[in-house]
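Taking it in order: structure first as structure tokens, then the write-up.
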Amino acid sequence: MIAALTGTGLAAAAGLNAYIPFLLVALLARFTGVIDLPEQYAWIESNWSIGIATVLLISEAVLDKIAIVDHLNDLVATLIRPTVGGLIFAATSAAEQVDENSFLQDNPWIGIVVGVVAAGVVHTGKAVIRPAVNVSTLGIGTPVVSAAEDGASLTMSLVAIFLPVLVVVALVLLAWAMIIIWRRVRRRRRARAAPVPGPT
């Protein structure tokens, strides 16, 4: 159960920014005893993997804060984020369940599927909301929302690893925040589209 919560939280975080949870898992596995990845996932904590993830994270952090460019970035990430979500779910589940006979250990494909779906759902919500935010704020809100998403991805990742019992709460808060942002954006668009009364 704990492994599933950890994997789901990390996958959801990957839906916002694929490289934050990946890099966090890699660094913790490499330099601490918090995560001990099994042999088949040991490449995640390698020098080249950490280096590439760092470069991609910096690129994502910059590109995602530029209006219009962020939309193109989301299109490219449509395959990346769910893939990383599935990978991280499977890797951390295997790390927590190593040498134990568990359902996820016996059926690793389930973790991959759940991770892909969790990351895909969050990514879809982000990709739908972001263009509306760009239009309604004329691009001014883009870096603000992007920074908030990065913060949410990091927070979700940390919660998933260190306080997995709170992952459900974090997911509910994430969904609530997305709904609130979407409603505010729609309200602004309706207000702008409303006809201006002419002089009587």
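Computed from the coordinates by the stated procedures, all read-outs in this text should not be read as laboratory data. A quick note: this is a predicted structure, and the numbers were derived from the prediction, not measured. So basically every Cβ, Gly included, is an ideal-geometry build from the backbone, and we count neighbours across all protein chains shown.
Structure values in brief
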read-out	value
Cα-based helix-to-principal-axis angle, 19-31 vs the chain, degrees rounded to 10	30
Length released on extending from residue 79 to residue 165, taking residue separation times 0.36 nm less the Cα-Cα span	28.1 nm
Ranked by how many other beta carbons lie within 10 Å on average, peptides 119-126, 62-69, 157-164 from highest	119-126, 157-164, 62-69
Nearest 10 degrees, 0 to 90: helix 2-16 Cα axis against the chain principal axis	40
With Cα atoms, 0 to 90° folded angle of helix 108-136 axis to the chain main axis	20
Exposure proxy ranking, count of Cβ atoms within 10 Å, fewest first, for 19, 41	41, 19
Distance from the range 125-168 to the range 1-45 (C-alpha centre basis), Å	19
The range 2-188: relative contact order in percent, alpha carbon pairs under 8 Å with at least 6 residues between	36
Candidate values [x] 1.04; [y] 1.13; [z] 0.94, label of the one derived for Cα Rg over 2.2 N^0.38 Å	[y]
Residues 22, 31, 89 arranged by fewest to most Cβ contacts within 10 Å	31, 22, 89
Residue order, fewest to most beta carbons within 10 Å, for 39, 45	39, 45
Karplus (6.51, -1.76, 1.60) ³J(HN,Hα), θ = phi - 60°, over the range 35-49, in Hz, Gly and Pro reported as x	10, 10, 6, x, 4, 5, 10, 4, 4, 4, 9, 6, 4, 5, 5
Value at 222 nm in deg cm²/dmol, rounded to 500, when DSSP H runs of n ≥ 4 in the chain each add -39,500 (n - 2.57)	-26500 deg cm²/dmol
